[in-house]
Structures are given as C-alpha cells and as structure tokens.
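Only one structure is covered here, and it is reproduced in the block below.
The values are calculated or read from the model by the stated rules, or taken from the named source; none is laboratory data. Fair warning: this is a prediction, and the values are worked out from it, not measured in the lab. Here the Cβ positions follow ideal geometry from the backbone for every residue, glycine too, while neighbour counts run over all protein chains shown. Heavy atoms of the whole protein, side chains included, go into the accessibility calculation; ligands, DNA and RNA do not. Shrake-Rupley method; radii C 1.70, N 1.55, O 1.52, S 1.80 Å.
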Amino acid sequence: MDTVHTSTQGDFTIPQAWETYTPAEHARWDMLYDRQVRLLPGRACAEFMQGLSALQLSQTGIPDFEKLSAALRKLTGWTVIAVPHLVPDAVFFEHLANRRFPAGRFIRGAEQLDYLQEPDVFHDVFGHVPLLANPIFADYMQAYGEGGMRSLSFNCLDLLARLYWYTVEFGLIKTPGGLRIFGSGIVSSYAESKFALDSDSPNRLIFDLRRVMRTNYRIDDFQQTYFVIDSFEALLNETYKDFSLIYRALANKASLNPEEVVPGDTVLTRGTQEYAKRKQEQKR
Ligand code: HBI
Ligand code: FE
C-alpha cells in the first residue's frame, strides 16, 4: 500500500489542547471508561481488549493524543489527530489512507452519557483506537480510506459508508467462545454492548460484502441488524476487491431496510424486532 496522497481540502485538524480539559471532563471519561471496562470482558473481542491494555488507555482522564499517538505509532504506524466534529468524507478518507485517525476532542455532556450522534472523544478514542493497535485491523482501516478516496469519483459513497457502519462501527465477530463485539459504536456504549449480544430483538447475519453495501442503517438508535465477520483477515481480504465492479453490479439494485432478512442471508439470529417496534409505538 504505497499510494501517494496529497492534501487538497485542508485537513480540518485542531489542537487537542489537552491542558484545557476541566476536572469534570476528565472525571466523565473515567466514569465512562470504568463502566465499559467492567462490562466488556467476555463481550469485546480479544483484539480489542489487547489493544486497550497495550495502549494503557487506563482510567486516568482523557488521553493526551500526543502520548497516545507515540504509543500507537510504535505498534502499527497510526496516529490520532483532533478534529472539531464530523469532517467531510474526502478529508476523512485521506486521513485514514495515511494512517491518521481523526478523533473528536470534546467529551459528551453528563446528560447524554448513553447515546449521542456526533462522535466525541470517548467514542473515537475508547471505541476506535484499541483496534488500531492490531496490525490486521490497522491495514483494514487504511484500505478503507484508500477505497473511499477511489469511490469519490464513482458517486457510491453510500455503499462504502454502509460497509464502514456495519463493520468498523457496529460489527460482531465469531470466536470459538461465541460472538464478540468489535464495532466501536457498540464497544463505547454501555447499553448497546448488552443489546447487541443479548437481546432477541435484532437480527444477526453472517457478513457478506454486497449484502452489507445494500443495507440502510439507522443512526438514531440501536441497530436492527448486526453483521458477523469470521475474522479480521477475511474482512481485510474483502476490502482489496475491485469495488468498481461491485458498485456497477449494485447500481440498479434496491437498497434493503435495516430490519430486513432476505433469501440468501445466512441467519444466526432472526430478530423479533420487539425493541424497534416498541420504540416506534412510543413515538406515535
Ligand atoms: N468525520 N470525524 C469524523 N468521524 C467519522 O467517523 C466520519 C467523519 N466524516 C465522514 C464519515 N465518518 C463517514 O461518513 C464515512 O465513513 C463514510
Ligand atoms: Fe465511530
């Protein structure tokens, strides 16, 4: 992977200004960290837990990105940079293609400890960074960034965004001990870390690249379907395929709803969707 990437859009980075976090903000990190670390053994995949300890993301306040980057760079060549909010797709991809992970610098407020749509420092650093210490996952994220840069000219960003969503953000993995979490959106959420593995409500389907690329997702609540990979090696191999062929094959196919199960799916759990239905009724 020896591509040359040039910066054209400005890179949207900001100083983390670690010194300016308040004691209350550090304490909020500690609380979130402590809660997840007690919940995740036996739920998060081994690679995530290994990354967590290798980087010593311990309960000592919001990590300083410079120190964190120094540790991560030694392991896989990745660094963590601060950004103010969601950055444009082209910028995001270019950072990933160059092994820079853009992380929010703000931390969620005390009133939204359980769900927020904008990625904050806890989601981005606790959720994403541990797996970047794993060499295979580190390659996958770079390959995703490179695929993203190529996809910009195909106008198929929605397909790629679904791949990211159902793997990096909300993926599950098969292990000899049972299903485990690797998606950052799950691993950084106390409630969804239970829901994704324990609830009868969501579907759990075996990952299939084309299937995933056709599937809409929701950003406002727990997922209605989780996709399960066999291994990070297998996932990485998928991302080296020529996506332009897949984009062409999917161009005239209808997208699938988040809760749908269709012929051809390999179903591990056929969800009741009880949770989603109940939420829907409460809204009426
Ligand atoms: N920006 N900071 C940030 N974090 C993200 O996860 C992110 C982003 N911009 C675009 C984006 N994600 C996604 O839309 C792409 O994966 C498709
Ligand atoms: Fe994320």
Next item on the list: Pull out a ≥ b ≥ c, the square roots of the eigenvalues of the alpha-carbon gyration tensor of segment 1-109, then state rounded if a/c is under 1.5, prolate if not and a/b is larger than b/c, and oblate in the remaining case.
Entry: oblate
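Can you list the chymotrypsin sites (Phe, Trp or Tyr not before Pro) in segment 191-284 that are in a DSSP coil and have 14 or fewer other beta carbons within 10 angstrom? Before the final figure, lay out each step's value.
Details: sites: 195, 207, 217, 222, 226, 227, 232, 240, 243, 247, 275; in loops: 207, 217, 222, 240.
Qualifying residues, ordered by number: 240.
Can you tell me which of 16-23, 116-123 comes out highest on packing, and rank the rest after it, using the mean Cβ neighbours within 10 Å? Before the final figure, lay out the partial values.
Values: 16-23: 12.1, 116-123: 18.9.
Output ranking for 16-23, 116-123: 116-123, 16-23.
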Checklist line | In range of the label at residue 50: residues from segment 212-255 whose backbone nitrogen is under 15 Å from the point 7 Å along Cα→Cβ | finding: 231-234
Notebook entry, point to check: Roughly what % of DSSP beta bridges within segment 151-263 run antiparallel, to the nearest 5?
Noted result: 35
Next item on the list: Would you calculate a helix-derived [θ] at 222 nm for the chain, using -39,500 (n - 2.57) for each DSSP H run of n ≥ 4 and dividing by the full residue count, to the nearest 500?
Entry: -12000 deg cm²/dmol
Next item on the list: Over the alpha-carbon set of segment 207-284, work out the extent along each principal axis and list the three values in angstrom, largest first.
Entry: 44, 29, 24
Next item on the list: Considering the convex hull of the alpha carbon atoms of segment 113-203, report its projected area averaged over all viewing directions, in nm², one decimal.
Entry: 7.0
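Take the cross-link list 194/283; 194/241; 174/241; 67/241 and give me the ones stretching past 30 Å between alpha-carbons. Provide the component values of the computation, followed by the final result.
Details: 194/283 23 Å; 194/241 33 Å; 174/241 22 Å; 67/241 35 Å.
Violating the 30 Å limit, Cα to Cα: 194/241; 67/241.
So, with a 1.4 angstrom probe, what is the percent of accessible area on segment 119-208 that is carbon and sulfur?
On the way: 1310 of 2460 Å².
Taking all protein chains in place, segment 119-208 shows 53 percent carbon and sulfur surface.
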Next item on the list: Treating only the Cβ atoms of Lys and Arg (+1) and Asp and Glu (-1) as charged, compute the dipole magnitude of the chain about its Cα centre; round to the nearest 20 debye.
Entry: 540
Note to self: If you average 1/r across every pair of different Cα atoms in segment 145-192 and take the reciprocal, what Kirkwood value do you get, in Å?
What the structure shows: 12.1
Next item on the list: Find the accessible area per residue for the chain; the probe is 1.4 Å, ligands and nucleic acids are left out, and the unit is Å².
Entry: 46
Next item on the list: Starting from the Cα coordinates of the chain, work out the convex hull volume and express it per residue in Å³.
Entry: 137
Note to self: Ignoring ligands, DNA and RNA, please state the percent of accessible area on segment 212-258 from carbon and sulfur, probe 1.4 Å.
What the structure shows: 48
Margin query: Give me the percent relative contact order of the chain, please, defined on Cα pairs under 8 angstrom at least 6 residues apart.
Written below: 18
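Go through 200, 220 and list them by solvent-accessible area, largest first, probe radius 1.4 Å. Don't jump to the answer; show the numbers that get you there.
Working: 200 110, 220 70 Å².
Largest accessible area first, the list is 200, 220.
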